[in-house]
Amino acid sequence: MYRVRTFATLLIAALLLALSPAAMAQAPNEEALMDMVPAWADAYNAADLDALAALYTEDAVVMPPGGERMRGHDALKALAASYIEAGAVQIELPPPDAYDVLGETAWVEGTYRFFGPDGSPVDVGKWLDIYRFEDGAWRIQHHMWSSDLPPMAGE
């Protein structure tokens, strides 16, 4: 009887540990994925390029409109800094339009609006991200966006 009770106690303890919030936080979930969108906007709007880069995988690919494909945190930070310096100092990211989670990979699509220092609209468009779940968190592996505005003369 003692062995059965000990086994049952160990089994219950193992189940409780497996279902604990800390253990469950390590599994990919949709809520954590959806939290990435406001986290991205918050980091960009604070001009916190390190926080922004931390949302991406080390080997992330960024594909800006009208530009070449870029890879890695340093390229991402330089690109974000160039947008901010050009006057796109704030971004608005409404809740995503669609997403899907496929194990440790996910995709999310949505729209964006960039605003200048005086609050005037600078750009509006759509974006698509592919995420990878690594080290207990979702990170952006591929990021691309395109403007809904017509190209400026000379582009």
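Considering just Cα atoms, how many Å³ per residue does the convex hull of the range 25-155 enclose? Before the final figure, lay out each step's value.
Working: hull volume 13.6 nm³, N = 131.
Normalising the Cα hull of the range 25-155 by residue number yields 104 Å³.
Mind ranking 107-114, 27-34, 126-133 by how tightly packed they are, going by the mean number of other C-beta atoms within 10 angstrom, highest first? Please list the in-between numbers first.
On the way: 107-114: 17.8, 27-34: 14.4, 126-133: 19.2.
Averaged packing, sorted descending, gives the order 126-133, 107-114, 27-34.
Calculate the all-directions average of the projected area of the range 41-113's alpha-carbon convex hull, and give it in nm².
Details: hull surface 21.5 nm².
Here the figure is 5.4 nm², rounded to one decimal.
For THR105 and ALA47, compute 0.36 nm times the residue count separating them, minus their Cα-Cα distance, and round to one decimal in nm. Walk me through the numbers before you get to the answer.
Values: separation 58, 0.36 × 58 = 20.88 nm, distance 2.75 nm.
So the extension gain works out to 18.1 nm.
What ranking, highest mean first, results for peptides 94-106, 139-151 when packing means the other Cβ atoms within 10 Å averaged over each residue?
Working: 94-106: 12.8, 139-151: 15.2.
Highest to lowest by the protection proxy: 139-151, 94-106.
Roll a 1.4 Å probe over the protein chains and send me the accessible area per residue for the range 84-155 in Å².
Details: 4210 Å² over 72 residues.
So the range 84-155 comes to 58 Å² accessible per residue, rounded to a whole number.
Can you run the Rg to Rh ratio on the range 87-155? Use alpha carbon positions and the Kirkwood inverse-distance Rh.
Values: Rg = 14.6 Å, Rh = 13.6 Å.
Here the Rg-to-Rh quotient is 1.08.
The values are calculated or read from the model by the stated rules, or taken from the named source; none is laboratory data. Treat the numbers as computed from the prediction; the structure is a model and nothing was measured. All Cβ positions, even for glycine, are placed from backbone atoms using ideal geometry, and neighbour counts span all protein chains on display. Side chains included, ligands, DNA and RNA excluded: accessible areas come from the protein's heavy atoms. Shrake-Rupley method; radii C 1.70, N 1.55, O 1.52, S 1.80 Å.
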